[in-house]
Each structure stands twice: as C-alpha cells, then as structure tokens.
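Below is one structure, written out as structure tokens, with a few remarks after it.
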Amino acid sequence: MAIPDYQTIMVPLLNFLADGQEHSLREAIDSLAKYFKLTDEEQRELLPSGQQPIFDNRVGWARTYMKKALLLESTKRGYFKITERGLQVLAENPSSINVKFLEQFEEFRNFRAFKKERADDSTDKEIELTHTPEESLEDSYQTLRNNLVNELLQQIQSSPPSLFEKIVVELLVAMGYGGSRRDAGEAIGKRGDEGIDGIIKEDKLGLDIIYIQAKRWESTVGRPEIQKFAGALQGQRARKGIFITTSNFSKDALEYTSRIDTKIVLIDGKQLAENMIDHNIGVTPLAKYQIKRIDSDYFTEE
C-alpha cells in the first residue's frame, strides 16, 4: 500500500501504546510498518532531501501532534507512552484522529496558535492534511528548484554558443574535472555546431582523460548520435566519455550506453541545470534556512 499520511498513523500509533508501557520511536516505527504492510522499499523511501525516510518522518510527526494534545508524553530521551487522556480517547474508539479532532484540546489549540497563519486556500488545506512540516517545506523548495531548472535551460538555449562552452567548462571544473579552469578551457576549445568537443582530465593529476561532446539541441538525441560518439571514442582509443545536451535522450540511446563496453555518461538538459544549481554555476543564493531540533544531550543531567 502507499505510505500513509501522518494523520492516518495517529490511531494505530495510539493503539500500539495502549499497553501503557514506554516505547521508543524506533519500536513504534517498526510495529506500524508491519501494521500498514509496508514493503522494504516503501520503508526506505526518503524525503526529497534524502535526510530521513518518509515513513519515519510521518510517525514522528504523528507522535509530536498527539504529544501537543497531551495524548502522549515523553518519559526519557527517545521514549514515550500514552497518557490518561490518551487512554480516554482510545476508550471512545475513534474511527480516526486528525488535526481537527485534536483541536478539541486547548493545549493543542495553543500549539497551533504559534504556527504561521495560512491563506484560506483549499489546496493549502489539503496539503496540510497529508504533509508533515518537513514535507511541505521540501515540496515548496522542490517547486522553486524545478522553476529554476526551467529558467536556466531557457537562458542557455537563448545564449550564444560561446557561453554554452563557458558553462560546460566551469561546471566540469567545479565537479572536480580538468585541473584548473585554464587547463579545461584549453582542452575544450574545439567548436562544433552550436556545441563543443574536446578532452578533459578526469582528475587534477591527469591520470586519465575523458572525451566530451556537448550539443545545444532542442530535439531528442537518439541512438545514432550516441553511436557516432562511441565510434569517435574508439578512434581516440578513449575509454570514457561524457555526452551533454540541453534537450534529452531517447530510450534507445539510454539502452545503448548500458550495453556497450565503453563508459559513456549521458547528461540531459535537466541534469545539466541541476548540476549547475548544485555547483553554483549561473545562479546565486537568495536565502538560506536552517532546520534545527532539540539537543537532548544538552538537557540531560550528567
């Protein structure tokens, strides 16, 4: 089944704690994963940041929200248990527990009052019902990032070929190839049709070289183009190559590179823009947000 949202997790989590004993979050996560019949793959699925499994995050927020409503309480570092109020709620045998249900408790309403007021928009309300705060933040970040990817590709397509050459050189150097920018610029100096062709050092010592082909195309790059590139590599006795395009690659092209002995890395327009963002090529930071959590060790008596 699909990974349940954090509100769907609340009743099963409360039932798991019905024995009145203290349990760790890890115990709760493992038990609920079995309850929801999640596959190993679903349990390992990460938030877009790659910092935490989605299911672990949602169980954690189900716990947090019910703690704010005093249905649960912390007992010691990393452990919690059900409260008398939680047992009373369970005795009512609720079919579901969600944010609206928890708002009957003053403590939870006070907690919610600290949250920034949201616009009265049905889409926002739907997101809030299914997304944890981290997921909402990461969704917003991904939307901004996707928009930036599209803007970068539009800028590259409308720029002169010489700027495309500069972008490729600076990006490869930023990624650790080519030694210095001057070395890379000299190596990638042969112009083709709205693109560049050349070689670049794989590492700063130049222990191996990589053959580069870059095409500022709008149409899909098919298998014939990749075969020509593979042939060029063989002619140069090169073992490795990178083919960069501002468009995309056909399925046949992708399958072809997976079957040949020569190592060819294909970088499409989206990946090109993503790498530019990650290495600050053609973009500049606008704002930075840090997500912090309580340092439990700080509050533990020695």
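The values are calculated or read from the model by the stated rules, or taken from the named source; none is laboratory data. Just so it is clear, the model here is predicted, and its values are computed rather than measured. Glycine also receives a Cβ, built like all others from the backbone with ideal geometry; neighbour counts cover every protein chain displayed.
Go through segment 4-44 residue by residue and tally those that are outside any helix (DSSP H, G or I), basic (Lys, Arg) and under 20 Å from residue 72 (Cα atoms). Before the answer, list the steps.
Keep residues of segment 4-44 that are outside any helix (DSSP H, G or I), which gives 4-9, 17-24, 36-39.
If we keep only those that are basic (Lys, Arg) too, we end up with 37.
Filter once more, so that each one left must be under 20 Å from residue 72 (Cα atoms): none.
Residues that pass the stated criteria total 0.
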Residue set 22, 45, 27; condition in contact with a strand residue (DSSP E or B) (Cβ under 7 Å, 6 or more places away or on another chain), at pLDDT 95 or above and acidic (Asp, Glu); output residue 22
Among the residues listed as 190, 166, 240, the single one being at pLDDT below 85 and in contact with a strand residue (DSSP E or B) (Cβ under 6 Å, 6 or more places away or on another chain): 190
